[in-house]
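A.B. asks: One structure is given below, represented as structure tokens, and several questions about it will come after.
The values are calculated or read from the model by the stated rules, or taken from the named source; none is laboratory data. Everything numeric here is computed off the predicted structure, so don't read it as measured data. Cβ coordinates were reconstructed from backbone atoms using ideal geometry, including for glycine residues, and neighbour counts include every protein chain displayed. Remember, those area values only see protein heavy atoms, side chains included, never the ligands or the DNA or RNA. Shrake-Rupley method; radii C 1.70, N 1.55, O 1.52, S 1.80 Å.
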Amino acid sequence: MRMTSSTIRTRWSPKPDTATPQHRRAAKAAAAVAAGALALSLSACGSSDEGSGGSTGDTDDTTTNVTLPKLDGTSLEVAAVWSGTEQANFKKVLQEFEKRTGAKVTFVPAQDPIINFIGSKVAGGQPPDIAMLPQPGAIKQAVDKGWAKELGSEAVKELGENYSQGWQDIGKVSGKPYGVYYKAANKSLIWYNNQVFENAGASEPETWPDLLNTAQTVFDSGVTPFSIGGAEGWTLTDWFENVYLSQAGPEKYDQLAKHEIKWTDPSVKDALTTLAQVWGKPDWIAGGASGALQTDFPASVTQVFTGGDQPKAAMVAAGDFAQVNIPSSMKIGTDAKVFPFPAVGDNGPVVSGGDAAVILQDSKGSQALATWLASPDAASIQAKLGGYLSPNKNVPNSDYPNAVQQKIAKALIDAGDDFRFDMSDQAPQAFGGTPGKGEWKILQDFLKNPKDIAGTQAKLEAEAAAAYGN
């Protein structure tokens, strides 16, 4: 589920007080506070009629808000790194497009980093018509190389009607529209097995010290506290980004994202030291460091919610999209619960991500497909299936299959324009988005040896300097 390596965060906001969001109407600041307030209520919204993570809800009752051309005889290809349930659900969105237009759409499985995959296809003279790109840097790279094609008037019209200006702007390069942000995610969440917590007498933590205490309580009950999908390096950057954002604050965060300060800065040392309080305890991680480094993201979620009273782990730091990997036997909000990533500093982090549809072969068909993906009709189909979050403000909140995800979706929309992408997505691909290289690989090495903080900082700085060219 590659989309998770692209991250956005809402701008810095204080931890919510006891006032209601309606009483905090200070424009963008209110939106950020509302997002935090909603996040803090996530685990309290379970009910007997909530669906499971892998919902297969009825999508036949789709509404028609967008006009599409007839495309009989047209064949299109869409490339993305999505797999499993996520891919299957997206294919249902493509099937509805086929039904409405008469076109034939083929999903092309891609590999990470997708920009390299696309490059090989372009070199071979067979690029897909549309690629789902997970980073603004990848969109810019596709534009700079002459691969990406500008969105047409119909797609731009859909964006204007359905997206905040901020979401429209991050799909632009040099002021021109190239990307339709079809998918988003809230990644500042920790999912947990409620039965394990109840058996241990553990409670949801609000701060980092609380999290350490909760982990010890769970461990003392006989269950390993954390599951980490370390085989995929982006999961480790998510841990770092949540800790760094909360602990160092937004100014330092933005400076590090632009490499205006070095990775040898004391703020990075502080964040790695904090991470080592978890990563440095192999008994707290399912399979220890070596096991975590052999665990992919879907397995890291599944092993928290299988095994009855003795799962392999009690918690996993993962976005809302983790729901597709939670077994259908576990009810979201009842058996599988979630709490916001705990505050390390004075403020809790809010991190999320997005994938944009970018046209690589300009045609009537590809423009129509981009228009379709910018519509609430398309997003509503996948919203009903679970494990998906749309930045499209005209997707009915009731389309999300459970109260947990409805609140996550509302928080995203309420944040309005007040967001930006995280450092790994602002970084050059070689540093912030390539398996086995850069930040991903160095944090995997740090998971194996969390005592080597200075060495890790030095490696991060060397790789960053080479990638940024400064």
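A.B. asks: State the Cα centre-to-centre distance between the stretch 210-272 and the stretch 141-168 in whole Å.
C.D. replies: 33
A.B. asks: Take the alpha-carbon centre of the stretch 294-337, take the same for the stretch 349-366, and report the distance between them in whole Å.
C.D. replies: One Cα centre to the other: 28 Å.
A.B. asks: If you don't mind, another one. Under the rule of -39500 (n - 2.57) per DSSP H run of 4 or more residues, summed and divided by the residues of the chain, what mean residue ellipticity at 222 nm is obtained, to the nearest 500 deg cm²/dmol?
C.D. replies: Numbers: 20 runs with 202 residues, N = 470.
After summing the helix terms and dividing by residue count, I get -12500 deg cm²/dmol.
A.B. asks: Looking at [x] 21.6, 70; [y] 21.2, 63; [z] 35.4, 107, which value of Rg and Dmax of the Cα atoms in Å comes from a calculation on the structure shown?
C.D. replies: Comparing each candidate, only [y] matches the computed number.
A.B. asks: While we're on this one: Going down the list Lys149/Lys262; Lys121/Lys364; Lys410/Lys437; Lys262/Lys337, which pairs span over 26 Å between their C-alpha atoms? Walk me through the intermediate numbers first.
C.D. replies: Numbers: Lys149/Lys262 35 Å; Lys121/Lys364 21 Å; Lys410/Lys437 36 Å; Lys262/Lys337 38 Å.
Lys149/Lys262; Lys410/Lys437; Lys262/Lys337, as the Cα separations exceed 26 Å there.
A.B. asks: Another question about this same structure. Once you've got the Cα coordinates, tell me which of Lys92/Lys312; Lys269/Lys448; Lys183/Lys384 are over 22 Å apart.
C.D. replies: On the way: Lys92/Lys312 33 Å; Lys269/Lys448 17 Å; Lys183/Lys384 14 Å.
In this structure, Lys92/Lys312 lie more than 22 Å apart at Cα.
A.B. asks: Can I ask one more? Just reorder Lys410, Lys99, Lys121 by solvent-accessible area, largest first, 1.4 Å probe, all chains present.
C.D. replies: On the way: Lys410 95, Lys99 150, Lys121 70 Å².
I get Lys99, Lys410, Lys121, largest accessible area first.
A.B. asks: Find the accessible area per residue for the stretch 383-433; the probe is 1.4 Å, ligands and nucleic acids are left out, and the unit is Å². The partial results should precede the final answer.
C.D. replies: Working: 1350 Å² over 51 residues.
Ligands and nucleic acids excluded, the figure is 26 Å² per residue.
A.B. asks: Something else now. What is the spin-label model distance, in nm, from Tyr468 to Asn394 if the labels are put 7 Å beyond Cα along the C-beta direction?
C.D. replies: 4.0
A.B. asks: Using only the heavy atoms of the protein chains and a 1.4 Å probe, how would Val143, Val180 rank by accessible area, largest first?
C.D. replies: Most to least solvent-accessible, the answer reads Val143, Val180.
A.B. asks: Here's something else I'd like to know. With the dipole of the chain worked out from charges on the C-beta (+1 for Lys and Arg, -1 for Asp and Glu) around the Cα centre, which of Ala343, Gln95, Gln168 lies farthest toward the positive end?
C.D. replies: The residue sitting most towards the positive pole is Gln168.
A.B. asks: Let me ask something additional. Considering only protein heavy atoms and a 1.4 Å probe, what is the carbon-and-sulfur percentage of the accessible area of the stretch 338-386?
C.D. replies: 43
A.B. asks: Could you report the accessible area of Glu161 in Å², rounded to 10, computed with a 1.4 Å probe on the protein chains as they sit in the structure?
C.D. replies: Around 90 Å² of this residue is reachable by solvent.
A.B. asks: Leaving out ligands, DNA and RNA but keeping every protein chain, what accessible area does Val156 have, in Å² rounded to the nearest 10, with a 1.4 Å probe?
C.D. replies: Accessible area of Val156: about 60 Å².
A.B. asks: Take every DSSP beta bridge whose two residues both sit in the chain, then give the antiparallel share in percent to the nearest 5.
C.D. replies: Here the antiparallel bridges make up roughly 70 percent for the chain.
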